[in-house]
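First up is the structure itself, then whatever we jot down about it.
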Amino acid sequence: MTIHFICTGNIYRSRLAEAYGASKGVPGLHVLSSGIKTALNGGVPIAPYAADVLRAYGLERFAAPSWQQTTMALVRASDVLVFMEREHYKFCKDWVSSRQKFNIWDIPDLGSRVGISEISTEVERTFAVIRRKTDMLLTELGGS
């Protein structure tokens with residue numbers, strides 16, 4: 001089974017979800033992530049605040065080394081699709097088949113809504129939501 005987490009730049013939310021999901025060690029489970037607008041991520045392999053979280057939780061070895069662009073092939077090859085926001089689903093909806101399960105988690109990006117002094121608190125809050133939702137998804141799929 002393949003779970004595919006999709007966000008905007010594939011440098012923050014989906015990468016945290018991918019690493020956390022992979023860390024669960026569920027036999028037969030493949031986890032990946034991608035972004036619908038990776039050209040906007042400035043070429044960085046991962047957001048520094050996401051890298052900090054991975055390091056703090058010992059998840060670095062479960063993270064992909066860099067971002068990847070969401071493609072029709074990646075979407076169609078996945079069994080379960082998790083879209084961080086509705087816009088990500090809209091980007092992919094023509095590629096989603098009836099055999100696939102999908103979720104829209106409504107986890108917003110940091111963007112301009114968060115001030116510099118609030119980033120670490122917001123990232124930690126976001127990662128807590130990602131962990132909870134990933135655990136629920138794995139339980140629902142019978143893998144945890």
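Summary of values
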{"quantity": "Total charge dipole magnitude, the chain, about the Cα centre, Cβ charges on Lys, Arg, Asp, Glu only, Debye to nearest 20", "calculated": "260"}
{"quantity": "Label-to-label distance, nm, for residues given as residue 40 and residue 86 (7 Å Cα→Cβ offset)", "calculated": "1.7"}
{"quantity": "For the chain, built as a Gaussian network whose Cα springs stay under 10 Å, the top-fluctuating residue of 116, 130, 36", "calculated": "116"}
{"quantity": "Candidates 87, 118, 18, ranked by Gaussian network fluctuation over the chain, Cα under 10 Å, top entry", "calculated": "118"}
{"quantity": "Sites matching chymotrypsin sites (Phe, Trp or Tyr not before Pro) across the stretch 1-101 that sit in DSSP coil, with at most 15 neighbouring C-beta atoms within 10 Å", "calculated": "57"}
{"quantity": "Dipole in debye (nearest 20) - the stretch 69-144, about Cα centre, beta carbon charges: Lys, Arg +1; Asp, Glu -1", "calculated": "260"}
{"quantity": "Shape category assigned to the stretch 1-108 from the gyration tensor of Cα positions, a/c cut at 1.5", "calculated": "oblate"}
{"quantity": "Pairwise label distance in nanometres, residue 100 with residue 118, each label 7 Å out on the Cα-Cβ vector", "calculated": "3.3"}
{"quantity": "Simple spin-label estimate for residue 60 and residue 132 in nanometres, 7 Å along Cα-Cβ", "calculated": "2.9"}
{"quantity": "Within a Gaussian network of the chain (alpha carbon springs, distance under 10 Å), most fluctuating of 82, 44, 123", "calculated": "44"}
{"quantity": "Loop-located trypsin sites (Lys or Arg not before Pro) in the stretch 94-134 whose Cβ has at most 11 other Cβ within 10 Å (DSSP)", "calculated": "99"}
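No lab work stands behind these numbers, since they all come straight from the coordinates. Just so you know, these numbers come straight off a predicted model, no measurement behind them. Positions of Cβ are backbone-derived with ideal geometry, glycine not excepted, and every protein chain shown enters the neighbour counts.
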